[in-house]
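Peer 1: I have a structure here, written as structure tokens, and I will follow up with some questions on it.
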Ligand SMILES: C[S@@+](CC[C@H](N)C(=O)[O-])C[C@H]1O[C@@H](n2cnc3c(N)ncnc32)[C@H](O)[C@@H]1O
């Protein structure tokens, strides 16, 4: 754990607030020394849930460049923005409703670039991302998620870069066992990435799994 950017407050994880005094999604603020921290709610962010469940691979650094697919309202992006203060987070989101909140949050942070587009359409945002990124984080809750991840990795990820894939079993098949679905997705992911960690997100997210991989093949 990189304690310079990721803090521990009791059993909670927290990031140093880039905008002291300002909350993004109603999270608690807490002073730690001279810094103000934003508690990272594991029920609102799958990356925080993965950390609470023992995630070991955490390649985020101050200067990381991150492509985030499925930014939603920007809850998780805001914590990554707190950590990657000298880097950049490109957040792709295709829902205009979610983008409204995400855009408002991005206006207050210099290291967040919101992109209103489908993560399937890499050509549409290739001119906005000037150089290869270190990490791709995907949370789109779609059946074709591994194909979307592969397409974006081929276009934007450095060799040796990391991928984080958040899988929601019910958006793939509501009738089948989540464990079987997770195994299938992991096997599919193995064909394009070296899968290095797998974290179940219960009890924070039911039937969700976090897969971490490296782009080395
Ligand atoms: C589970 S929510 C994301 C929550 C967010 N990652 C967070 O932790 O704060 C999934 C989001 O992915 C978006 N999404 C789904 N398919 C997409 C696609 N093909 N391109 C861009 N966004 C997509 C949805 O509109 C939704 O906002």
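Peer 1: What shape does segment 41-214 take by its C-alpha gyration tensor, where a ≥ b ≥ c are the square roots of the eigenvalues and a/c under 1.5 counts as rounded, a/b above b/c as prolate, and the rest as oblate?
Peer 2: rounded
Peer 1: Go through 137-148, 67-78 and give me the packing order, highest mean Cβ count within 10 Å leading.
Peer 2: In decreasing order of mean packing, 137-148, 67-78 become 67-78, 137-148.
Peer 1: If you don't mind, another one. When the chain is fully extended, how far beyond the present Cα-Cα distance does residue 22 get from residue 63, taking 0.36 nm per residue of separation?
Peer 2: That pair, residue 22 and residue 63, stretches by 12.5 nm at full extension.
Peer 1: Can you give the extra length, in nm with one decimal, that the chain gains between residue 86 and residue 1 once fully stretched, where that is 0.36 nm per residue apart less the Cα-Cα distance? Provide the component values of the computation, followed by the final result.
Peer 2: Numbers: separation 85, 0.36 × 85 = 30.60 nm, distance 1.83 nm.
Full-extension gain reported as 28.8 nm.
Peer 1: Could I ask something else about it? Quote to one decimal, in nm, the extra length available between residue 179 and residue 35 on full extension: 0.36 nm per residue of separation minus the C-alpha distance between them.
Peer 2: Answer, rounded to one decimal: 47.7 nm.
Peer 1: Roughly speaking, what is the centre-to-centre gap between segment 200-217 and segment 114-144 when only Cα atoms are used, to the nearest Å?
Peer 2: About 19 Å separates the Cα centre of segment 200-217 from the one of segment 114-144.
Peer 1: Based on the mean of other Cβ atoms within 10 Å per residue, sort peptides 83-95, 101-113, 174-186 so the most packed one is first. Please list the in-between numbers first.
Peer 2: Numbers: 83-95: 21.0, 101-113: 17.9, 174-186: 14.1.
In decreasing order of mean packing, 83-95, 101-113, 174-186 become 83-95, 101-113, 174-186.
Peer 1: Express the relative contact order of the chain as a whole percentage, based on alpha carbon pairs under 8 Å and six or more residues apart in sequence.
Peer 2: Details: 426 pairs, mean separation 37.2, N = 217.
Contact order relative to length: 17 percent.
Peer 1: Among 166-172, 51-57, how do they line up from the highest to the lowest mean number of other beta-carbon atoms within 10 Å?
Peer 2: Listed from highest to lowest mean packing, they are 166-172, 51-57.
Peer 1: Would you mind telling me the antiparallel percentage of the DSSP bridges in the chain, rounded to 5?
Peer 2: 55
Every number in this text was worked out from the coordinates using simple rules, so none of it is lab data. For clarity, every value in this text was computed on a predicted model and none was experimentally measured. Note that each Cβ is placed from the backbone with ideal geometry, even for glycine, and that neighbours are counted across all protein chains shown.
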